[in-house]
1. Are any of the residues in region 276-289 more than 17 Å from the chain's Cα centre (by Cα), in a loop (DSSP other than H, G, I, E, B), closer than 30 Å to residue 211 by Cα and outside the structural domain of residue 593 (by TED's automatic domain parsing)?
2. Could you check region 417-426 and list, in sequence order, the residues that are open to solvent by 10 Å² or more (accessible area, probe 1.4 Å) and either in contact with a strand residue (DSSP E or B) (Cβ under 6 Å, 6 or more places away or on another chain) or outside any helix (DSSP H, G or I) (or both)?
3. How about region 262-273: which of its residues are assigned to a helix (DSSP H, G or I) and either surrounded by fewer than 24 Cβ atoms within 10 Å (Cβ to Cβ) or within 9 Å of the chain's Cα centre (by Cα) (or both)?
4. Would you confirm whether any residue within region 384-407 is open to solvent by less than 10 Å² (accessible area, probe 1.4 Å), touching a strand residue (DSSP E or B) at 6+ places or on another chain (Cβ under 9 Å) and of a type in the set (S, T, N, Q)?
5. Where residues in region 130-153 are over 37 Å from the mean Cα position of the chain (by Cα), more than 13 Å from residue 184 (Cα to Cα) and not β-branched (Val, Ile, Thr), which of them is most open to solvent (accessible area, probe 1.4 Å)?
6. With (1) surrounded by fewer than 24 Cβ atoms within 10 Å (Cβ to Cβ); (2) assigned to a loop (DSSP other than H, G, I, E, B); (3) not basic (Lys, Arg) as the list, and residue 332 as the residue in question, which single condition is left unmet?
7. Quick one: what pairs do we get from region 549-560, first residue under 22 Å from residue 508 (Cα atoms) and in a loop (DSSP other than H, G, I, E, B), second of a type in the set (Val, Ile, Thr) and modelled with pLDDT of 90 or more, C-beta under 9 Å, 6+ apart or different chains?
Amino acid sequence: MKKNKDINSQIAGVDVGGTFTDLIITKPKSDELGFIKVPTTTENQALGVMDSFNKSRINLKEIDLIIHGTTTTTNALLERKLSKTGLITTRGFRDILELGRRTRPQPYGMKGNFEPIIPRNLRFEVSERTDAQGKILKPLVEEEVLSVIKKMLKVQCEAIIIHFLHSYSNPKNELKAKKIVLKHWPNHYVTSGHELLSENREYERGVTASINASVQPILENYIKKLETELKMNGYKRDLLVMNGNGGTVSSKLVSKEAAKTVMSGPASGVIAAAYTGKFAKIKNMITYDMGGTSTDVAMIRNNQPAVSNEIDIEYGMPVHVPMVDVRTIGAGGGSIASVNQGGLLEVGPSSAGANPGPICYGKGGEYPTISDANFLLGRFINKTINVIDDKKIKKKINKIFETKLSKQLNETVLNSAEAIIKIANNKMANAIRMVSISLGEDPRQFSLFAFGGAGPMHASALAKELDIPKVFIPARPGLTNALGCLVADLRQDFSKTINISMENLKIKDVHNLFEYFNKSGLNLIKKQKVKTIKIDSFFSLDMQFVGQTHILRIPISNKKPSKKYIQKKFEEYYFKRFKVKLDRISANIVNINVSVVGKREAFDLKKLINLKSLKTNNLTKNTRKVFFNGKWYNTKIYWRDEIPRNFKILGPAIVEQMDSTIVINPNDRANIDNFGNLIIDVG
């Protein structure tokens with residue numbers, strides 16, 4: 001494909017987080033970038049996005065492209081602020097969304113609450129039936145569909161899901177039902193299960209379709225608001241939206257498959273990490289993103305983020321569309337510490353959020369948080385991130401810690417603060433173990449890529465806990481998710497269940513599906529009218545041994561593999577994962593997958609921080625007392641933008657910058673590489 005010359009384009013990446021909305025803007029013919037960080041507006045995220053552009057003082061008429069990461073759909077799901085949605089399903093399968101996989105919200109005892117995406121009174125049945133081989137056993141009755149539509153309109157449903165048994169094998173009845181619904185439904189919010197996810201497992205496909213329909217009106221309304229605001233302020237070009245798979249899609253197409261935007265914010269950070277690691281020649285990384293409300297961890301092998309289509313957002317909410325495999329826990333800078341009824345210290349999952357936030361922000365916070373603990377220990381006194389460093393705030397934090405924690409724990413305030421950090425670190429270390437050791441990987445073979453506003457404060461201690469030798473902190477850790485938007489490529493994913501053993505497989509069927517999905521992806525990317533330098537296609541198969549339940553995703557090098565090649569690849573991956581050979585059991589192909597990626601123009605990471613003219617004698621010589629491991633250390637304080645390339649730092653030290661704070665523990669050593677990344681060798 002012909003290379004596009006757009007090095008002088010002005011491009012903006014904007015990411016909405018739980019606490020802050022971050023913006024990075026490239027400047028044509030300049031080595032500089034614009035960086036903006038503003039509080040997230042919870043009721044209407046578009047206002048926060050526009051506030052970031054207003055504070056950048058950039059003329060929107062001059063911007064060529066905006067790429068946007070949003071938490072609109074994720075927040076709607078987690079808070080259950082969903083559109084009123086009705087379900088049409090096969091008779092006898094009305095309760096599949098509640099029956100699920102016979103699991104419980106809590107593994108021990110009979111306690112715990114579970115609320116399905118679609119309540120029972122909005123789930124309706126019609127007479128139709130298709131078997132697993134695709135044979136129509138009972139044709140759809142049109143009159144029944146019309147009757148259901150009337151009932152849904154009467155109760156004022158906004159959207160509809162059509163989810164029939166085995167529609168992945170033969171979608172004829174589902175397509176007929178959709179055609180009938182579209183004739184009589186007042187809007188286009190109609191989701192057909194097989195079109196979004198053409199795979200087996202009725203429960204997962206049904207929940208995924210239900211999520212899509214329930215957030216579709218919410219996402220479309222938000223995107224329309226944002227597009228209107230941008231247009232009114234002079235923006236006339238394309239708006240791309242991040243998907244959870246780490247790719248982008250045009251705002252004109254995004255609401256059709258709204259479920260794919262779930263977890264788009266965390267995914268953008270992982271994409272930025274993979275991109276940064278590639279230039280720094282670090283192939284294998286565990287990403288660690290600690291923000292104001294949560295921590296997200298993921299794994300990158302050979303500069304490729306792990307992608308999964310079997311992610312559960314929470315109990316009873318599997319979203320089975322391809323997404324970057326990010327695991328989230330409730331531990332962020334704003335996570336609240338408390339003493340439970342048993343007298344034990346707990347941290348999270350409750351958060352002080354953006355408003356009022358931690359006490360040290362001086363906005364009226366009344367609960368002790370991780371950020372406040374770091375403040376008391378001398379680690380987090382960064383005035384550029386709105387931390388209030390005065391006697392009044394210090395006195396308030398000490399009093400709240402003493403009243404709410406120290407007295408119950410029979411400890412000093414400082415020991416209580418350090419205990420909060422240790423408990424939070426333990427929770428985050430367990431999350432890292434979940435994406436590494438539990439999958440058969442050794443974290444000691446990876447670098448820890450730490451970002452987010454709070455991540456670099458805890459990264460060194462986490463790495464020591466896990467025996468990870470190096471910590472990698474990018475030039476702008478608090479703006480990494482916005483950078484992910486800036487560097488993300490266009491991406492389309494496709495999947496279809498065939499569920500056939502290798503013995504009975506006709507290899508031509510695999511070749512034909514690979515070719516069909518590849519062409520579909522190419523057409524969708526070309527429709528988006530966004531400059532790309534090339535388009536890559538990736539092929540894979542979800543496989544298992546016959547009789548097994550869980551599957552492994554096996555990458556395939558080309559779109560016309562032989563049966564012998566497929567069998568060998570599966571056996572290699574199975575042995576790597578389980579260290580077991582099963583020579584006498586037949587392998588089975590469950591799903592066929594294709595990803596088509598439109599590569600955008602490369603972004604120069606050296607623009608993130610200016611290292612050209614910096615000299616050692618420009619460094620500030622500030623110091624302050626910082627508490628580590630039960631005692632105070634006289635600790636050097638550096639300003640990140642003043643540190644020259646290849647400068648060596650011996651811990652303990654604190655590095656502050658406009659978007660984050662980095663803690664370098666005693667006996668750690670750090671230096672700055674050619675891209676402005678800070679590399680810590682853990683002591």
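The values are calculated or read from the model by the stated rules, or taken from the named source; none is laboratory data. Just so we're clear, the structure is a prediction, and the values are computed from it rather than from any experiment. In this analysis, Cβ positions are derived from the backbone assuming ideal geometry, glycine residues included, and neighbour counts consider all displayed protein chains. The accessibility values were calculated without ligands, DNA or RNA, using every heavy atom of the protein model including side chains. Shrake-Rupley method; radii C 1.70, N 1.55, O 1.52, S 1.80 Å.
1. no
2. 419, 423
3. Start the filter on region 262-273 by keeping residues that are assigned to a helix (DSSP H, G or I), which leaves 264-273.
Within region 262-273, 264, 265, 266, 267, 268, 269, 270 meet the criteria.
4. Checked region 384-407: no residue is open to solvent by less than 10 Å² (accessible area, probe 1.4 Å), touching a strand residue (DSSP E or B) at 6+ places or on another chain (Cβ under 9 Å) and of a type in the set (S, T, N, Q).
5. In this case the residue turns out to be 135.
6. (1)
7. 559/510; 559/594; 560/507; 560/510
Yes/no per residue for (1) open to solvent by less than 40 Å² (accessible area, probe 1.4 Å); (2) touching a strand residue (DSSP E or B) at 6+ places or on another chain (Cβ under 6 Å); (3) small (Gly, Ala, Ser):
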site	(1), (2), (3)
52	yes, yes, yes
60	yes, no, no
87	yes, yes, no
112	no, no, yes
121	no, no, no
